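**Student:** Structure incoming, see below.
The values are calculated or read from the model by the stated rules, or taken from the named source; none is laboratory data. Since the model is a prediction, treat every value here as computed from it, not as a measurement. In this analysis, Cβ positions are derived from the backbone assuming ideal geometry, glycine residues included, and neighbour counts consider all displayed protein chains.
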Amino acid sequence: MIYLDYAATTPPAPEVTDAVSECMRTLTANPSAAYSIATPARTKMIAVKKQIAAFLGATPQEIFFTSGGTESNSQAIFQAAGKHIVIGAAEHRSVFAAAANFSCEVTAVRPDKNGVITPEAVLRAIRPDTALVSVQSVNNETGVINPIREIADAVKRKKIPFHTDAVAAFGHINIDMTNITMLSASAHKFYGPRGIGFIYIKQGSRAKPLIAGEQEGSRRGGTENLPGICGMGAAIELITDINVELARLKSLREEFLRGLAGSGIAETVSNADIYPGIISLRLPGFPAEKAISLLDARGIYVSGGAACSSSSHSPSHVLISMGLTPAEAFEVIRVSMGRQTTEMKTAASVIKEIYNKSVI
Ligand code: PMP
């Protein structure tokens with residue numbers, strides 16, 4: 001089996017599953033309880049917050065545990081409920097859904113033809129009444145890395161809070177926190193458990209809780225998901241050298257693309273800063289759905305656009321925002337690599353073979 005859908009979810013590392021089960025066996029008390037046996041649970045929660053904060057160059061008071069990327073994005077967009085917001089047109093569906101849920105007036109900034117949201121385009125969309133700007137760090141379908149530092153600086157000059165969905169970025173690329181007001185991350189995208197993540201909220205920025213309750217200093221209610229928190233902590237411990245892994249993925253990507261050379265299969269984006277672990281490929285004249293099932297039969301697992309939207313029969317809004325036609329968008333598969341990916345020659349030759357057999 002060759003799993004090439006790390007952008008949909010990363011298989012939890014063995015250290016993560018061990019940490020989750022150890023936590024469930026040993027930290028059994030409710031962290032909010034007053035008695036002494038609850039102390040280790042509280043201590044662990046604080047330790048993981050410190051770990052995340054150290055990773056980002058933030059403080060533990062700025063980290064709030066959530067159920068993952070969708071909730072973190074919702075928490076961020078909630079700050080601008082009923083108001084005008086500027087978002088990227090290629091954001092994750094959860095950002096659009098939150099904006100609709102909270103009756104925001106949305107201006108969606110189209111990326112350029114390479115899939116990049118430019119600071120100039122963001123500035124053009126900002127109005128005097130804009131309450132929030134949200135642009136993702138890395139696109140989960142194309143791997144395009146947005147110029148977040150430049151966008152954050154430009155938004156800061158307008159005195160508007162800036163949120164970035166870093167779900168596809170955290171643990172994979174280096175993140176510059178300068179002028180970021182809020183940041184979303186999700187553990188199942190960096191080899192941690194599903195259903196746990198966090199939101200960074202810059203100290204001093206007011207944030208109404210999306211889920212009211214007493215936990216997290218009344219900023220996110222609900223008994224904390226301690227096994228998830230322990231697993232996320234273990235996953236963060238395993239993020240050691242981002243640059244080394246980026247270089248490794250880059251050479252695997254090159255090996256894969258070399259293997260496809262001359263086939264007519266092409267990258268949908270090539271002229272942008274791209275996270276090397278995600279490869280968006282167009283198979284001209286060949287439906288992605290068919291490619292996915294033929295590859296599945298050969299033990300190779302890829303997706304068409306994002307996994308979360310694979311059940312819908314509408315073309316990927318990300319690809320459409322970049323100027324692809326719906327017909328072209330239906331010919332795109334996403335191949336995404338991760339820690340267990342060691343060679344890409346086999347996948348390239350199987351994709352090429354399947355494509356050549358079906359397209360004359
Ligand atoms: N944002 C991005 C960029 C994502 O890729 C995903 C997951 N597909 C999410 C948000 C949602 O995260 P979660 O699955 O943790 O709710």
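**Student:** Tell me, which residue of the range 59-78 that is within 19 Å of the chain's Cα centre (by Cα) and of a type in the set (S, T, N, Q) is surrounded by the fewest Cβ atoms within 10 Å (Cβ to Cβ)?
**Tutor:** For the range 59-78, the residue satisfying everything is S67.
**Student:** Only one of G204, G217, G233 is of a type in the set (G, A, S) and assigned to a loop (DSSP other than H, G, I, E, B); which?
**Tutor:** G204
**Student:** Scan the strands (runs of 3 or more DSSP E) fully inside the range 49-152 and keep the ones with 2 or more residues being assigned by TED's automatic domain parsing to the domain that holds F190, more than 16 Å from the ligand (Cβ to nearest atom) and of a type outside the set (D, E).
**Tutor:** So the answer is 84-88, 105-109, 130-134.
**Student:** If you don't mind, another one. Among the residues of the range 230-244, are any in contact with a Cys (Cβ under 6 Å, 6 or more places away or on another chain), at pLDDT 95 or above and away from the ligand (no atom under 16 Å from the Cβ)?
**Tutor:** So far as the range 230-244 goes, yes, one or more of its residues are in contact with a Cys (Cβ under 6 Å, 6 or more places away or on another chain), at pLDDT 95 or above and away from the ligand (no atom under 16 Å from the Cβ).
**Student:** Out of all the residues in the range 79-110, which are on the phi > 0 side of the Ramachandran plot and crowded, with 24+ Cβ neighbours inside 10 Å?
**Tutor:** Residues satisfying the conditions do not exist here.
**Student:** Now for a separate question. Can you work out which of the residues in the range 176-194 that are more than 16 Å from Q61 (Cα to Cα) and assigned to a loop (DSSP other than H, G, I, E, B) is nearest to the ligand (Cβ to nearest atom)?
**Tutor:** R194
**Student:** Read through the list (1) free of Cβ contacts under 8 Å to residues at least 40 places away in the same chain; (2) more than 24 Å from V116 (Cα to Cα); (3) over 19 Å from the mean Cα position of the chain (by Cα), then give the number of the only condition that N30 fails.
**Tutor:** (1)
**Student:** Checking F170 against (1) within 14 Å of the ligand (Cβ to nearest atom); (2) surrounded by fewer than 24 Cβ atoms within 10 Å (Cβ to Cβ): exactly one of these is not met. Which one?
**Tutor:** Status for F170: all satisfied but (2).
**Student:** Do any residues in the range 51-76 that are over 18 Å from L226 (Cα atoms) and modelled with pLDDT of 95 or more have Cβ atoms under 7 Å from those of residues that are within 8 Å of the ligand (Cβ to nearest atom) and in a helix (DSSP H, G or I), where the two are at least six apart or on different chains, and which pairs are they?
**Tutor:** T70/S94; N73/S94; N73/V95; S74/S94
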